[in-house]
Every structure is written in structure tokens, then in C-alpha cells.
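Let me begin by presenting the structure, written as C-alpha cells, before commenting on it.
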Amino acid sequence: MSKESKSGRGISRRQFAQVTAAGAGLLSMPAIVRHAIAQGNAPLKVGVLLPRSGVQAGLGQACQRGADIAEAVLNDLNYGVKIELLNADTESNVDIARTQAEKLINSGANVLTGAFDSGQSAAIAQVAEQRSIPYVINIAAAPQITEQGYKYVFRNFPTAPMLITDALALQKDLFAATGKTPKTAVLMSVNDTFGTAMQNGIKALFPKLQMPYEIVDVISYDPRAKDLSVEVAKAKATKAELVMPVSRLNDAILLVQEMVKQRYEPMGIVNPGAPGMYEQQFYKTLGKYSEFCVSNVPWLNPRSKMTPVLAKRFKEKFPNDLLELNVGFTFEAILIAADAYKRTKSAHPFAMIEALRATKIEDHVMVGGPIAFNSKGQNVNIKSAAVQNLKRQPVVVLPADSAAAKPVFPMPKWGAKSRG
Amino acid sequence: MEFSAFDLFQAVVKGLLTGMVYSLMALGLTVIFGVMRVVNFAHGEMMVVAMYLAVMSFAALGIDPMLALIPIAAILFAFGYGLQRTLINRFINVPEHMQFILMLSVAIILVNVCLVLAGPDAQGVQLDYALDSFEIGELLIDKVRVYAALGAVVISALLYLFFSRTRTGKAIRAAADNHAGALVVGLDVNRLYAITFGIGAACVGAAGALTIMLVQVQPFLAVEYTLLAFTIVIIGGLGSLRGAIAGGLLIGVSEAIAGFLLEPSLKSVFSFGLLILVLLIRPQGLFGKAA
Amino acid sequence: MAIIERLFGGVPRRALVGLAMLAAVLLLAPFVVSPFVVTVILLMFYFAYVGQAWNIMMGFAGQLSLGHSLYIGLGAYAAAALYMKAGIGPWAGIFLAIALAMAVGGIIGYLGFRFAITGVYFALLTIAFAEFFRILFDHIDWLGASAGYYLKVENRQENDPFNLRGSPTMFYYIMFGLVVLAFGLCRWLLTGRLGHYWLAIREDPEAAQATGIEVFRYKMMAVLLSSGMTALGGVFIAFYNNNLYPEQIFSMGRSIELLLGPIIGGLGTLFGPILGSALLVLVGEIMTDLTEGSQLAGLKQIFYGLVVLLIVLFLPGGVWPWLARLCGFDRDGERK
């Protein structure tokens, strides 16, 4: 069926006849073969695009675990809708993300989700827009993605400025709760896509947030660094009382290792909204030195009713892995799609779009208010939590109403017995 | 921010130690090129394989990488020997781009075999002394870095002895200097080539085992090590043993200094800048023989 | 008419008919096939085009570049910056893109050739420059640094070829046009004096010099042409993906993926880049399909690597020369 024949769609939603290259002047009408659209009891087909191989493989596979247990968790919750996952590997490559998105739509995906990375997510967003298929982003922090006026794109992940605003507010809460405030801080940031966005955000937001400390130096390091001894030496030389790393996993490990080796003892290591310090490998490698690091990041809400259900299924299926935010957000992306489908009972893209816009999910797994999208498709109700490493586990310590333990700050010295 | 001369000195000492391990890694590359004029674009991949072997032997048997490096070097020797015999020997006298594509496909396969078998997550060894430091006056130097550097120096010395003292080593050098001549005097050049490739692989194997004490391994580190090895070897002189050692130390130290003086994220610009400079001013490298 | 003669002279009739049919099929394809297939063919076009550009430098003039992502990146950033900062559309922007890439390519070529850097050393020089620029762009705040540079996506309802805003189908025809133009240009160059000089230089630079060919000059021409053409591929990437990251656009992986096509297809041949790119994209898709059921990420790439390995082992000259011999097309003056 040609899309042109369907009436009753606004201009903005119509896919137009394609005008061809200048000069050639050919007019083509792509024959779009639409697959039968799921209705009522048929499962909702969710296309999951993640970088399971290539440089981001570790993170992509972590996200995938959240998708893999989604069906079982929804069943446990008696959610009442069936989902079917169509998985695709973007190979950490933008071009492949794009063709794979097209491919999933061709195989009948009713809604897309993914893709962890901002570049790949932005590419998929364009496909979703052109093919009129709703797309729920699980993780991607570049603010620009929801500033393009897209109609089919929804993001249930904070943008870099949101992450920073929350994280710095949590720092103040941390100082208030423990009665100890550092006067100086050093920002150590990985110079990659995410790190630079965060670094720029911190520079822009810092004056407005009236933080009690002064940032005495910003040290930006190579994402491919295999040795951070010079960087840590520089940080140590500033004598800053607070270390704020914007890191990934490997560099977070190198960073702490070097701090121990160089006996740099700040009051605390508190990251302003970055991954690395809550990941399993961080605990495994650093052991007692992983203790007391604080990550101010969006996190699973231990007091939500849904979290234990997710945690149980996760433990069953992945006994050796850690339940962290990649899993949580990927699961929530699927939850959002399932919730919309539950309300409309139709997988038709326009019905789904309307339902997604009206999303209001009170019960979900991440910290924050109900999941709802603003006119740009951004969920602005996500809140970060202060997650501290206690007994080799990430534990929510702030905000108090979601906390599972009390924060420890300043952190004990590297040689302290309380590190266990 | 002001840094004292002492901070800089400390950084240079660490750079030198790191450079020694770099040197060993680069030796593997330079030996292979020097003898058979084959550029091993799968060098970093072999390094990563060795790092995984070290992780596995530590996890399963608790063997310290300093000891495990002997069997690991032996395994990589066998791998290199076999690879040369089966694949690379057919590519000795073909244009560089063909060697490049051949080694590239080997590299793609190796990295992804690592990904499938070991998974994408970073892995390392948890040594009890991993975070200890030697204290010499004010100077703080971490133990693992010193051990790794010592290991690298010992192996480099052994390699030097092999090429200067043993019959096989001398025969390999003869084959490198004069291929036709070596055939004339009845040397089994194919065997020598295979041994050479094996030795190159063993060097990078040992370097991998030492490096795992300092760095976590994940499959996609490989490309970076390949590039690093190339930078070092070109600066020192492709094919020159002394050059690889000098290049490794130079890059180790210059990275440390650049990290101190510039924005640390710019420090590899310094290495690539150095590489471009050497290519232009002395394309045969600091220790290479002029073509 | 002289041009026609040069473009088509000496080509067997069967080959011409085949070519015409192929062109017709590709022109009509978007009417028939699914949008997914359109994007896959579009990817083939892109690789065929940049492969053709790379081939001029390596296949024709014998200069191995492993850093062509540099020109892609420069082209992409130049056109994107003009469009976003000054409101100048991509069709005007390509001139800056081409000029910038040619300037940098010219510097690299000049340094390389003047200082007599050849073979592996030249290849490494190209890598070093590409990496140098990657890190440099990682630090240019004006262009988003490593946080990425986004183009405004607008006019999505209608195709706007003048600003390169539109659907994959629009890009499909534009890239198709570029592939045809590049193919024609290369054919024209190869059959002319320049082509003969290049081949002479490729086969034996010293002998070429001895017969009075200005080796330096013709090598420079190859580099300039190749870098300029590659920059156009970058403009396409910028306006197709609408976001640029130095990490991705200048990456060594990008340099490598664009030279695989011409080498697998047949270095120095006109059809090599086209066939090679088509083949590799196809192999990639097939491997994705075959390994779909498996949860083992990375399996696809292992098979992909094996296919490349097998082709290199058994068809070292590339697939096209072998296929051409099989079909009896090998009389058209290409490298045998």
C-alpha cells in the first residue's frame, strides 16, 4: 500500500514523494511494504539497537541484559501486554546503526529503542522520523538530539546539563548531611564525547549553582590513556580536597589506582554524573580501594516496588553481573513502549505516538518522578541519586527518601581499616 | 597551576619505566620488519591476546604475570611461527598493501575471537602488591611499574644476546642483510623467517604479560597498541633493535613531559607530531640505516 | 565526440550493454525495493565513490594512503561549519571542503614526496596526519570539540536537494550521480596522458623519472585529486548523518573501511572499487543475517575477517580482474 493513499494525516506526518538529485529530476514513489500491524493481543515488536560489538561492546551488552529480562519482568508484573524483541547489533558504528534501524523496521518493528551512544542514537532518530516509527532512546546524553524538533523520538535519559545540575545539588546535600565541606576541587575529565559535553556543562552551570568550593583545575585526559600517573600527579599538586572524575570504567580504575600509588588523599571522590565507579569491574579490580567513592547518577530506586522484581529476574538470568543504570534504563525504555501499547491496544505508529506523548508511568525502576515526556520528547522527571560504594556494592545514600544507607564523607584514608 | 621541578622529575622517571615496556613491545615489530620486510599490522592484537592469556593464568592458577610471561611468550612464539608458515610466508614479496590487508584480516579475526571468548568487559589481575610504591626519599614509584620495566630490560637483553651470540640469531641477521646470499650458503630461509616471526610474537607476548600488571585489558585496546608500536618503531628506525629501545624510552618520557606541560588529552598529539617530524627529517628513524 | 570516444572506445559491446543495464536497474531500484535496501545500496555507493577516489592515489599512482579519513573529516566539518555558522548551503560549501582537503593533502604529498618518503613510511605519515587532526578537532570548541557537532535537521517533510536536507532516496540519487561521475572521470584520466604517466610511476618510479616524466608533479596531482574527491564523500556523511564526532569521522577504522573495497575489488581497476564495495557491504549484511540468531557479538566480524582473508589469499589481484577475465571483458585497457 502506498502511504499516499492513506488520508487524514497531517502534512508533517506524511512521507512525501522523494525528489531526486538536482539535474536528474527523477520522481520516485517508494513502495513501502508495511507489515501487518499488531493489534490487541499480538505482541508488540520492539527493535533493540545496541552496540554489542566494537569499542562500546561492554556497555552495549550491559544494556542488552536489561532488554533480555524485560519480557519476564513484565510477565511477573502481570502487565498484560506481550512484547517481542528484535535485536540488532550496531557494531559501535553510525552507518551500521542506520541500516540496522531500517532493517528492523522492515522486519516489522513497531517501536525502536537503543542505542546507548549519542551519535548512533541521533542517526537512528532520523530513520525513525523518516519512516514514522516511534523511537525511545534508552541512553544518550547529547542535548541536541531532543532539540531537532523530532516527533517520533522520546528520551528517557537525562541530558548532560540535567545530569550536572542534579549531581552538583546532590554534592551540596552530601556536604550538608555529613557537615563537612571541601573548599577546593579538581575536575578530571575524559576528553571524549560524553566527557566534553559534561565538562562544558559544568563550566557553564557552575557559576549559577553557587557551589561552596572552588574548582582549582580542570584536567582533561585522553580517552585512550593507558596510564594516568601524570594526570594524577597534576591533580595531587593542586592539593584539591575533592576529586570530581568524569570518567569511563577503565580510566576510573586507573585514576584510583594512581591516587593510591601516589598517596593522594582528598576528602572524597565524588563524580558529577559519570559512569565508571559503580561498575562491577571497578569493585573487582580495586577491592577495598573502591569503597566510599560516590557517583551522583540516575539510579535504580531501591524503594520502588518494581525494582525488586527486576532485580530478581536479573539475578536469575545474569548471576555474575551487576544490576546498574544501563540495565535499568534499557528496561525502562521497553517498559515505556509496553505501557503505551497497553493503553492504545494498537501498535500503529500514530496510535503509539499519541500514547507515548501521554505517558505517565508512576511505578518504574529508576529514581525520580513519573516518566512523562515534554513537547520535545524529553523526560524531565529523572533524578539522580548519590550512589556510594559500600561493602563492594553501589548503595543509594541520597536523596534521603530513596536512601538505603547513610553517606560516609570524608572518605577514610587509603590505609584505613574501615575499608575492610 | 604551578608544578615543581620535582613533580616533573618524578613524571620523567615513570615515563622511562613505562618506556621500557613500550620498547619491548616495539622490539617485536621491528625484528619482524627488519628481517622479512613484513609490516605486522596485527601487532597490537597479539599483545591483547597475550594480556588475556595472562589474565586467564592468573585467574585460573594464580600465576603472577611475571612468571606467566615465560609460557605466554612460548605460546605466542608457536602462534607466530605457525602464522608465518601458513599465511605470511606467501606474502613476503608482495606489495605492502597486500600485506596490510592480510594482517588486517588476521587482526579483525583475533580481536573478535577475544570478544567472543572473553567478553567485552575490561579484565585485569589483582596482585597484592599492585598498589604498593617504592619510596626513595621524596620519590614515589609504584612497584609494578618497576617490575615490569625490569622484566622488559631482561628480555630485551636476552634478545640482544640471541641475535649477537647464537648461531640461529646470526643466521637470521645474515638472511636479513642478504636474502640471496643466505640462500646461496644454504640457510633454510623459510625456517629462519618463521623463527623470526615467532620471536617477534614472543616479544610482544612478554610485553603483554608485563603490561597487564599496569593496565586492564579489553579487546579494542589492540588498535591503540598497534599504533603506539608503529610510532615508536618509526621514530627509532624500522628494523633497528636499538632504535626500538630508544624510541620506546623517548615516547614514554615525552608522553610524561607533554602530559605535564600541555593539556594531558593533547599528549598523543605530541607523539604524532614527533613521528611526523622524524619521518620528514630522518625517515629512516633515529637509528635506522639510510636506504 | 572525442570525449565519448575516450570514455567508451575499445570497450566490448557486451560490457557496454551490461553497464547500461546495471545503471538502469540502479536508477529504478528505489521504486521497487524497500527503504532498507535503499540505505544498503546507498552505503555501497558511498564506499564505491570514496574507494574510487582513494584508488586514484594508490591504484593509479601507487601511493599508499592509510589516512583518507582525514579528507572525509575535513570535508565534512568544512561544509557543516559553513552551513551552520554562515548559512551557506552544501553545494557552495563543497568548494571550501574540496579546497581544504586538497590543501592538507597537498601539504602531506609535498612533504612526503619532497623528502622521498615511500611505501610503508608514506602510509604511516598519512596515518600520523589523520590522527593528528583527530586530536586537533577533539579540541576545537568552536566546532563542538569531542562532544560532537550537530547539524540542524529541518525541512524533513520535503526533500531539499539544494541544502541536502531530505530522505535517503534523495541521497541515493546524489551518491549514484557521484559514483557515475567519478567513474567517468577516472576512465577519462586513465585513457589520457596523465593515466599513462601514473601507471608508469606506479610500476617503476625511477624508470619513469628517467624517461622524463615529472614524477613529483604527477604524484602531487594524484594526491590533490584524490583528497579533493574524498572530501565530497565527507560532505555527504555530514549532511546524511547530521552529526559529526572527530572520534568517528577521523578514525583509522574509517580509513581502513574505505580502502578495503578497491583492494578487494581490484586495485587500479575502474570497476574494482565499485565491485569491491558492493561485495563487502553485501558480505557484511549476509554475515549479520547468518549470525543473527547467535548471542555472540563479534561472530559476524570473525566471518567477515575470514572472507577478506580468503579473497586476499585466493584472488590477490582482486575480484574484478578475475571476473572480467571470466566474462571476457578484459580488453579495455585496465590493469590485467
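Here are some notes:
- Look at (1) facing another protein chain (nearest Cβ under 9 Å); (2) aliphatic (A, V, I, L, M); (3) closer than 23 Å to A:Ile96 by Cα and you find that C:Leu313 fails only one, number (3).
- Among the residues making up segment B:191-212, those that are over 14 Å from the mean Cα position of the chain (by Cα) and either under 18 Å from B:Phe41 (Cβ atoms) or buried (at least 24 other Cβ atoms within 10 Å of the Cβ) (or both) are B:Tyr193, B:Thr196.
- Just one residue in the set B:Ala229, B:Ala201, B:Ala207 is over 25 Å from B:Val278 (Cβ atoms) and either more than 12 Å from chain A (Cβ to nearest Cβ) or not in a helix (DSSP H, G or I) (or both); that residue is B:Ala201.
- Count - residues of segment C:128-143 that are more than 8 Å from every other protein chain (Cβ to nearest Cβ) and either outside any helix (DSSP H, G or I) or touching a Leu at 6+ places or on another chain (Cβ under 6 Å) (or both): 3
Conditions (1) closer than 23 Å to C:Gly261 by Cα; (2) basic (Lys, Arg); (3) in contact with a Lys or Arg (Cβ under 6 Å, 6 or more places away or on another chain); (4) part of a helix (DSSP H, G or I), marked per residue:
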residue: C:Glu5; (1), (2), (3), (4): no, no, no, yes
residue: C:Gly10; (1), (2), (3), (4): no, no, no, no
residue: C:Ala23; (1), (2), (3), (4): yes, no, no, yes
residue: C:Leu26; (1), (2), (3), (4): yes, no, no, yes
residue: C:Phe31; (1), (2), (3), (4): no, no, no, yes
residue: C:Val38; (1), (2), (3), (4): yes, no, no, yes
residue: C:Leu43; (1), (2), (3), (4): yes, no, no, yes
residue: C:Tyr46; (1), (2), (3), (4): yes, no, no, yes
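- Index of the failed condition, A:Ser247 passing every other in (1) in contact with a helix residue (DSSP H, G or I) (Cβ under 8 Å, 6 or more places away or on another chain); (2) touching a residue at least 24 places away in the same chain (Cβ under 8 Å); (3) of a type in the set (Ser, Thr, Tyr); (4) surrounded by fewer than 24 Cβ atoms within 10 Å (Cβ to Cβ): (4)
- Yes/no for B:Val113 being more than 17 Å from the chain's Cα centre (by Cα), outside any loop (DSSP other than H, G, I, E, B), more than 11 Å from chain A (Cβ to nearest Cβ) and under 30 Å from A:Lys288 (Cβ atoms): no
- All told, A:Ile124 meets the bar of being outside any loop (DSSP other than H, G, I, E, B), buried (at least 24 other Cβ atoms within 10 Å of the Cβ) and touching a helix residue (DSSP H, G or I) at 6+ places or on another chain (Cβ under 8 Å).
Okay, residues lined up against (1) closer than 21 Å to C:Gly261 by Cα; (2) of a type in the set (Lys, Arg); (3) in contact (Cβ under 8 Å) with a residue 24 or more places away in the chain:
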site	(1), (2), (3)
C:Phe122	yes, no, yes
C:Ile127	yes, no, yes
C:Thr169	no, no, yes
C:Phe176	yes, no, yes
C:Arg187	yes, yes, yes
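- Where C:Thr211 falls short, out of the listed (1) surrounded by fewer than 16 Cβ atoms within 10 Å (Cβ to Cβ); (2) touching a strand residue (DSSP E or B) at 6+ places or on another chain (Cβ under 8 Å); (3) hydroxyl-bearing (Ser, Thr, Tyr): (2)
- Selection of segment C:146-167 for residues being of a type outside the set (Ser, Thr, Tyr), touching a residue at least 12 places away in the same chain (Cβ under 8 Å) and either in a strand (DSSP E or B) or facing chain A (nearest Cβ under 8 Å) (or both) yields C:Gly148, C:Lys152, C:Val153, C:Pro161, C:Phe162, C:Arg165.
Each row is one residue, and each column tells you yes or no for (1) in contact (Cβ under 8 Å) with a residue 60 or more places away in the chain; (2) within 14 Å of chain A (Cβ to nearest Cβ).
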{"residue": "C:Gly234", "(1), (2)": "yes, yes"}
{"residue": "C:Ile237", "(1), (2)": "yes, yes"}
{"residue": "C:Asn241", "(1), (2)": "no, yes"}
{"residue": "C:Leu244", "(1), (2)": "yes, yes"}
{"residue": "C:Ser251", "(1), (2)": "yes, yes"}
{"residue": "C:Thr269", "(1), (2)": "yes, no"}
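- Residue list for segment B:155-206, filter: of a type in the set (S, T, N, Q) and under 23 Å from B:Tyr225 (Cβ atoms): B:Ser156, B:Thr196
- When residues of segment A:211-235 are limited to those that are over 20 Å from C:Ser146 (Cα atoms) and free of Cβ contacts under 8 Å to residues at least 24 places away in the same chain, the one surrounded by the fewest Cβ atoms within 10 Å (Cβ to Cβ): A:Lys234
- Single match in B:Met66, B:Met51, B:Met98, B:Met103 (criterion: assigned to a helix (DSSP H, G or I) and without any contact (Cβ under 8 Å) to a residue 12 or more places away in the chain): B:Met98
- Residue check, A:Phe116 assigned to a strand (DSSP E or B), buried (at least 24 other Cβ atoms within 10 Å of the Cβ) and of a type in the set (A, V, I, L, M, F, W, C): no
- Counted residues, segment B:17-44 - those being within 12 Å of chain A (Cβ to nearest Cβ) and over 30 Å from B:Arg90 (Cβ atoms): 5
- The single condition from (1) touching a Ser or Thr at 6+ places or on another chain (Cβ under 9 Å); (2) more than 22 Å from B:Asp7 (Cα to Cα); (3) free of Cβ contacts under 8 Å to residues at least 60 places away in the same chain that A:Leu254 fails is (2).
- Residue satisfying all of: in segment B:127-166; among the polar types (S, T, N, Q) and in a helix (DSSP H, G or I); surrounded by the most Cβ atoms within 10 Å (Cβ to Cβ) among these: B:Ser156
- Residues being in a helix (DSSP H, G or I) and facing chain C (nearest Cβ under 9 Å) - total across segment A:69-100: 6
- A:Pro319 vs. criteria part of a loop (DSSP other than H, G, I, E, B), within 30 Å of B:Asp128 (Cβ to Cβ) and touching an Asp or Glu at 6+ places or on another chain (Cβ under 9 Å): no
- Here C:Leu125 passes the criteria (1) closer than 18 Å to A:Gly119 by Cα; (2) within 7 Å of another protein chain (Cβ to nearest Cβ) except the one numbered (1).
- Test for C:Gly18: is it surrounded by fewer than 23 Cβ atoms within 10 Å (Cβ to Cβ) and under 25 Å from C:Tyr149 (Cα atoms): no
- In segment B:249-262, the residues that are in contact (Cβ under 8 Å) with a residue 60 or more places away in the chain form no Cβ pair under 9 Å with any partner that is basic (Lys, Arg) and surrounded by fewer than 19 Cβ atoms within 10 Å (Cβ to Cβ), whether six or more places apart or across chains.
- A:Glu279 vs. criteria crowded, with 24+ Cβ neighbours inside 10 Å, more than 8 Å from chain B (Cβ to nearest Cβ), in contact with a helix residue (DSSP H, G or I) (Cβ under 9 Å, 6 or more places away or on another chain) and charged (D, E, K, R): yes
Taken together, the values in this text are just the output of simple stated rules run on the coordinates, not laboratory data. Note that the coordinates shown come from a computational prediction; the quantities given were computed from them, not determined experimentally. Virtual Cβ from ideal backbone geometry, glycine too; neighbours counted across all protein chains shown.
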